[in-house]
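Below is one structure, written out as structure tokens; the observations come after it.
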Amino acid sequence: MSQIYYLIRSRADGRYLVAHPRVTSTSSAENGYLLMFREDFDALSYLNTHGADVANQFAVESVAESQIGSLLQRWGFFGVGIVQDPLLPRVEFLTNF
């Protein structure tokens with residue numbers, strides 16, 4: 001059985017919500033890190049806490065873990081950011097997923 005992750009996607013243009021963490025001079029995150037949540041309610045909490053005024057412009061989408069690699073490649077993301085706590089937020093960034 002595959003792990004399911006939840007992503008936040010713009011209703012207007014279909015783009016995914018990404019993070020651009022500060023990077024050192026030896027690394028790059030041009031296309032950002034795809035933000036992923038372990039539960040749909042975590043994604044909704046993140047939206048309502050950090051973007052309540054624009055939350056209705058986004059949708060939560062589920063994706064199987066087996067699809068993440070091709071999604072990263074297709075959209076050109078640098079890696080993933082798994083949100084551990086949507087209220088703070090606390091994010092674990094991974095380049096190899």
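The values are calculated or read from the model by the stated rules, or taken from the named source; none is laboratory data. Every value quoted in this text rests on a predicted model; they were computed, and no experiment measured them. Here the Cβ is made from the backbone with ideal geometry for all residues, glycine too, and neighbour counts use every protein chain on show. Quick note on the areas: whole protein, heavy atoms, side chains included, nothing else; ligands and nucleic acids left out. Shrake-Rupley method; radii C 1.70, N 1.55, O 1.52, S 1.80 Å.
Over the chain, the Kirkwood radius and the radius of gyration, each from Cα atoms, give a ratio Rg/Rh of 0.95. Taking the 1.4 Å solvent-accessible surface of the chain as the whole, the part contributed by carbon and sulfur is 47%. In the chain, a dipole from Cβ-located charges (positive for Lys and Arg, negative for Asp and Glu) runs towards its positive end, and of GLN57, VAL91, ASN31 it is ASN31 whose Cα lies farthest in that direction. Solvent-accessible surface of the chain, averaged per residue with a 1.4 angstrom probe and all protein chains in place: 63 square angstrom.
Just report the Cα centroid separation between region 1-20 and region 30-59, whole Å. That distance is 8 Å.
The listed peptides 59-66, 43-50, 31-38, ordered by packing as a protection proxy, come out as 31-38, 43-50, 59-66 (highest mean of other Cβ atoms within 10 Å first). Once the chain from THR49 to GLU61 is taken as fully extended at 0.36 nm per residue, the excess over their C-alpha distance is 2.5 nm. Counting only other residues whose beta carbon sits under 13 Å from that of VAL63, what net charge do I get with K and R as +1, D and E as -1? Local charge sum for VAL63: 0. Modelled spin-label separation between ARG9 and SER70, with each label point placed 7 Å from Cα along the Cα-to-Cβ direction: 1.4 nm. Given +1 at the Cβ of Lys and Arg, -1 at the Cβ of Asp and Glu and no other charges, the dipole of the chain around its Cα centre is 220 debye to the nearest 20. Per residue, the chain reaches -7000 deg cm²/dmol at 222 nm when only DSSP H runs of four or more residues are counted, each adding -39500 (n - 2.57).
What does the net charge come to around ILE82 if you take all other residues with beta carbon closer than 12 Å to its beta carbon, with K and R at +1 and D and E at -1? With Lys, Arg at +1 and Asp, Glu at -1, the net is -3.
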